[in-house]
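Working notes for the structure below.
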Amino acid sequence: MDQTLLMLPGPTNVSNRVLQAISKNVVNHRSVIFGEILTETSELMSKMFKTNNQSYLLTGSGTAAMEASIANILNPNDKVLNVIGGKFGERLRDITKAFGGKSIEFNVEWGDCVKPEDVKKALEDNEDIKFVTVVHNETSTGVTTPIKEIGDVMRDYDALYVVDTVSSLGGDHVDVDRYGIDICFTGSQKCLAAPPGMAAITVSDDGWKVIDKVDSNTYYLNLKKYRDSGAGTPPETPYTPSVTLIYGLCEALKIIDEEGLDARIKKHKIAAKATREAVKALGLTLFPKEEVSSSTVTAINMPNGVSDSELRGTMRNEYKVELAGGQDHLKGNVFRIGHMGNTTYKELAITFSALEMTLKKLNFDINLGVGVAEVNRAFI
């Protein structure tokens with residue numbers, strides 16, 4: 001068994017409780033007993049989203065929920081405002097185009113976030129925008145977007161508000177009802193600390209009014225089918241779900257519920273601060289503007305004269321710590337440390353100890369222990 005420590009922006013380290021849960025016997029997915037598990041998991045997910053709306057579980061990655069969120073509310077040639085500041089904003093744009101939507105792109109420099117007044121101006125400048133897509137936490141850049149403040153702007157417009165919280169739910173503040181979010185979705189393998197392969201989505205009443213008027217072009221991800229099956233006795237999914245992954249997701253959500261969502265978010269913010277301060281202590285620089293830096297993943301500029309394979313390869317092969325590389329044009333230029341899910345001071349201390357040894361091996365003039373000291377300081 002590979003004992004490499006995953007310090008990625010997903011998948012994240014999974015607790016023994018969750019591993020034990022997914023090892024339970026598989027039950028009939030059309031049975032009362034599974035209906036009870038499905039109901040419990042959906043209710044815990046709605047609690048995580050902070051919504052009174054029903055949540056639906058999709059067997060698929062976060063991208064499946066991305067596609068469901070767009071395919072169910074889009075008719076061909078509908079105008080969509082896609083806010084793009086990284087790889088996942090681009091993905092929402094690409095899905096919009098794939099289903100025949102007319103994408104109105106609002107591009108933000110990678111490393112920065114869109115401002116609420118920018119969204120307002122874009123809506124004023126483009127009539128008949130049907131919905132707006134925003135990525136709360138852009139893992140490719142380590143940037144957080146102010147979804148609450150954008151929600152305040154959206155209240156003055158008829159457009160639906162679609163928010164990607166794949167890498168923020170359970171690690172940063174998300175309040176679907178209070179922020180006025182119409183469609184919100186997430187994935188299992190990031191802050192929720194469950195295995196990869198599950199996604200969840202929740203829809204407002206206004207969202208359902210639009211869905212009911214759209215002849216969806218998606219079959220497997222048709223949300224009307226999930227709503228109909230979920231309303232049955234017992235509640236079901238329209239197609240065979242991953243029973244074992246739902247066991248694991250349910251257990252992961254129970255762990256967060258026991259810990260308390262606010263406490264969980266506070267832990268993520270401490271870990272983020274510890275990471276940023278440790279990075280700076282080592283003489284490295286952050287990729288994003290610090291004031292918009294993520295609570296769940298930190299993007300760091302690659303040191304001069306060092307290749308991605310040298311830094312991340314040494315970390316992985318010699319010290320058994322796995323970091324993420326850059327995406328798209330950032331490939332080879334940044335590396336990323338995920339501090340989400342079950343990450344504590346122990347994992348960060350190991351990570352920065354390994355990073356310090358790696359830099360030393362690559363002939364960087366650093367004082368061993370300064371990064372780890374910042375981690376300790378943040379958690380005292």
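Taken over the stretch 75-109, the criterion of being under 23 Å from SER293 (Cβ atoms) and out of contact with any strand residue (DSSP E or B) (no Cβ under 8 Å at 6 or more places or on another chain) is satisfied by ARG91, GLU109.
Taking the residues in the stretch 226-246 that are surrounded by fewer than 16 Cβ atoms within 10 Å (Cβ to Cβ) and of a type in the set (Val, Ile, Thr) as candidates, determine which candidate is farthest from the chain's Cα centre (by Cα). Among those residues, the one meeting the criterion is THR233. Checking each residue of the stretch 157-169 against the condition of being free of Cβ contacts under 8 Å to residues at least 24 places away in the same chain, of a type in the set (Asp, Glu) and over 26 Å from SER42 (Cβ atoms) gives at least one match.
To keep it simple, each residue is scored yes or no on (1) out of contact with any strand residue (DSSP E or B) (no Cβ under 9 Å at 6 or more places or on another chain); (2) among the hydrophobic types (A, V, I, L, M, F, W, C); (3) assigned to a loop (DSSP other than H, G, I, E, B); (4) assigned by TED's automatic domain parsing to the domain that holds GLY111.
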position: GLY332; (1), (2), (3), (4): no, no, yes, no
position: MET340; (1), (2), (3), (4): no, yes, yes, no
position: LEU348; (1), (2), (3), (4): no, yes, no, no
position: THR351; (1), (2), (3), (4): no, no, no, no
position: LEU355; (1), (2), (3), (4): no, yes, no, no
position: ASP365; (1), (2), (3), (4): yes, no, yes, no
position: GLY371; (1), (2), (3), (4): yes, no, no, no
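Is there a residue being under 18 Å from SER61 (Cβ atoms), in contact with a strand residue (DSSP E or B) (Cβ under 9 Å, 6 or more places away or on another chain) and either crowded, with 21+ Cβ neighbours inside 10 Å or of a type outside the set (Val, Ile, Thr) (or both) anywhere in the stretch 206-213? Checking the stretch 206-213: not a single residue is under 18 Å from SER61 (Cβ atoms), in contact with a strand residue (DSSP E or B) (Cβ under 9 Å, 6 or more places away or on another chain) and either crowded, with 21+ Cβ neighbours inside 10 Å or of a type outside the set (Val, Ile, Thr) (or both). Of the helices (runs of 4 or more DSSP H) contained entirely in the stretch 78-156, those carrying at least 2 residues that are surrounded by fewer than 23 Cβ atoms within 10 Å (Cβ to Cβ) and in contact with a Pro (Cβ under 6 Å, 6 or more places away or on another chain) fall at 147-154.
Would you confirm whether or not the stretch 352-375 contains a residue that is within 23 Å of VAL18 (Cβ to Cβ), of a type outside the set (S, T, N, Q) and in contact with a Phe, Trp or Tyr (Cβ under 8 Å, 6 or more places away or on another chain)? No, the stretch 352-375 contains no residue that is within 23 Å of VAL18 (Cβ to Cβ), of a type outside the set (S, T, N, Q) and in contact with a Phe, Trp or Tyr (Cβ under 8 Å, 6 or more places away or on another chain). When the stretch 315-332 is examined, which residues are found to be under 22 Å from the mean Cα position of the chain (by Cα) and surrounded by fewer than 18 Cβ atoms within 10 Å (Cβ to Cβ)? Answer for the stretch 315-332, where residues must be under 22 Å from the mean Cα position of the chain (by Cα) and surrounded by fewer than 18 Cβ atoms within 10 Å (Cβ to Cβ): GLU322, GLY325, ASP328, HIS329, LYS331. Suppose we keep only residues that are in contact with a Gly (Cβ under 8 Å, 6 or more places away or on another chain) and not in a loop (DSSP other than H, G, I, E, B) within the stretch 301-314. Which one would you say is surrounded by the most Cβ atoms within 10 Å (Cβ to Cβ)? Looking at residues that are in contact with a Gly (Cβ under 8 Å, 6 or more places away or on another chain) and not in a loop (DSSP other than H, G, I, E, B), I get ARG312.
The values are calculated or read from the model by the stated rules, or taken from the named source; none is laboratory data. Predicted model only: the values in this text are computed from it and were never measured. All Cβ positions, glycine included, derive from the backbone under ideal geometry; neighbour counts span all protein chains shown.
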